[in-house]
1. Report whether or not ALA275 is modelled with pLDDT of 95 or more and more than 15 Å from TYR256 (Cβ to Cβ).
2. Looking at this structure, is ASN50 touching a residue at least 12 places away in the same chain (Cβ under 8 Å) and surrounded by 22 or more Cβ atoms within 10 Å (Cβ to Cβ)?
3. Do any residues in the stretch 234-254 that are touching a residue at least 60 places away in the same chain (Cβ under 8 Å) have Cβ atoms under 7 Å from those of residues that are buried (at least 24 other Cβ atoms within 10 Å of the Cβ) and charged (D, E, K, R), where the two are at least six apart or on different chains, and which pairs are they?
4. How many residues are polar (S, T, N, Q) and modelled with pLDDT of 90 or more if we restrict to the stretch 68-102?
5. Looking only at the stretch 335-371, count how many residues are of a type in the set (A, V, I, L, M) and without any contact (Cβ under 8 Å) to a residue 40 or more places away in the chain.
6. Within the set of pairs 6+ apart or on separate chains, which have a first residue in the stretch 258-279 that is of a type outside the set (Lys, Arg), a second that is surrounded by fewer than 20 Cβ atoms within 10 Å (Cβ to Cβ) and not in a helix (DSSP H, G or I), and C-beta atoms under 8 Å apart?
7. Looking for whichever is in contact with a His (Cβ under 8 Å, 6 or more places away or on another chain) and assigned to a helix (DSSP H, G or I) here; the options are ILE336, ILE341. Which one fits?
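The values are calculated or read from the model by the stated rules, or taken from the named source; none is laboratory data. Note that this is a predicted model, so its numbers are computed, not measured. Note: ideal-geometry Cβ built from the backbone for every residue, glycine included; neighbour counts use all protein chains shown.
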Amino acid sequence: MNSKQDISRSGKAAVYPVLFGFFVMGFVDVVGIATNYVKEDFALSDTLANLIPMMVFLWFALFSVPTGILMGKTGRRNTVVAALVITALAMLLPLFFYDFSCVLLAFALLGIGNTMLQVALNPMAASVVHPGKITSVLTLGQFFKAISSFLGPVIAGAAASFWGDWKLIFIVYSLTTLLSIGWLLLVVRGNEKKEETKATFKTTLSLFKDKYIVLLFLGILFIVGIDVGLNTTIPKLLMEKADLPLSKAGLGTSLYFAARTAGAFIGAILLAKMAAVRFLKVSMALAIASFLLLLFAESKEVMFAMIVVVGLACSNVFSILFSFALRHKPDRDNEISALMIMGVSGGALVTPFMGVVADTFGQVAGLSILLICMLYIGFAAFRVEK
């Protein structure tokens, strides 16, 4: 009996705490608006401020494979619980120690916890549904993650405006994470049978010999780079081109995540009926066209509109690419999950480069790096299996 069957024995109710885990997963996106607040608090340059998202997403490169190995030994549920505990600790640090070094430490812990959470939670979600519904359920998970991502800037802005301290968002996040831990322990059984074939660094990295896996890995890397790059840079772009203060420009990030939330919900419905490959091609064509308009728009109304369209177009790309990878070699889903989540390190690779370009040539030039990422995914959409 495999681990998938054991998890499913927890009953249909197991899907609910798993999906709530995706909501907690979305807490990592607070790094976008937090970077802007920390930049103001400590008067940082773009290059230095972009170390914060790098500290979050660097760990996806370092901890993904070890987490996949750990998951094979301890089980998915226990790995998820460990990830949530680390996340709760990360949320508490800025409340008690607020200087730049402690901020970097807190977001490093958030990155480690989120790495473990994504490696374990995606295959856990896939294990509680029929194989034909994997893309749809992962998209639904991304819908809950997008809701969380959308709420982050709103809560931070409300905390700053009404209570005078944006960092109070971390109280909400820590309590929600503790709730997630309790729900998971109560509902999901921990009696998963360990994998008969042990995953190792060698067996996991050997997947890079598969050109199809490499294609999808780079797609994951670039879509996360796009997501984090927009999350971090949209407020800066609005401040530079529309002359908006940070408190209002930060709402551009909320608008982006609102669009992603709506897009993920629509995608969860459409992908249950529509071929994922066709959906991906249409999404990337729309994303590239609207992003070009965003770069050259002069009107803030047009900019806001294009932010919405880009958010809608990019909202389902991650889950589609991830599901393609899991379906490619389902017998090695723990290793493939670890490898794909390693690609989330794109958030650490793309944003520092954008920061350097933005400091030298401006925010539009920095954002143009994301166009290259979109063009690659558009190319990949024509190379994936039907």
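1. Working: modelled with pLDDT of 95 or more: no; more than 15 Å from TYR256 (Cβ to Cβ): yes.
No, not satisfied.
2. Details: touching a residue at least 12 places away in the same chain (Cβ under 8 Å): yes; surrounded by 22 or more Cβ atoms within 10 Å (Cβ to Cβ): yes.
When the stated conditions are applied, ASN50 passes them.
3. none
4. Step one: list which residues in the stretch 68-102 are polar (S, T, N, Q), which gives 74, 78-79, 87, 101.
Of the ones still in play, those that are also modelled with pLDDT of 90 or more are 78-79, 87.
Counting residues in the stretch 68-102 that are polar (S, T, N, Q) and modelled with pLDDT of 90 or more gives 3.
5. As a first pass, look at the stretch 335-371 and keep what is of a type in the set (A, V, I, L, M): 336, 338-342, 344, 348-350, 354, 356-358, 364-365, 367, 369-371.
With the extra rule that they be without any contact (Cβ under 8 Å) to a residue 40 or more places away in the chain, the set shrinks to 357, 365.
The number of residues fulfilling the criteria is 2.
6. Going by the 8 Å Cβ cut-off, the qualifying pairs are ALA275/LYS386; VAL277/VAL384; VAL277/GLU385; VAL277/LYS386.
7. Numbers: ILE341 fails: in contact with a His (Cβ under 8 Å, 6 or more places away or on another chain).
From the options ILE336, ILE341, the qualifying one is ILE336.
Every residue, every condition in (1) more than 24 Å from VAL56 (Cα to Cα); (2) in contact with a helix residue (DSSP H, G or I) (Cβ under 8 Å, 6 or more places away or on another chain), yes or no:
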residue: ALA268; (1), (2): yes, yes
residue: ILE288; (1), (2): yes, yes
residue: LEU295; (1), (2): yes, yes
residue: GLY311; (1), (2): no, yes
residue: LEU326; (1), (2): yes, yes
residue: ASP331; (1), (2): yes, no
residue: ASN334; (1), (2): no, yes
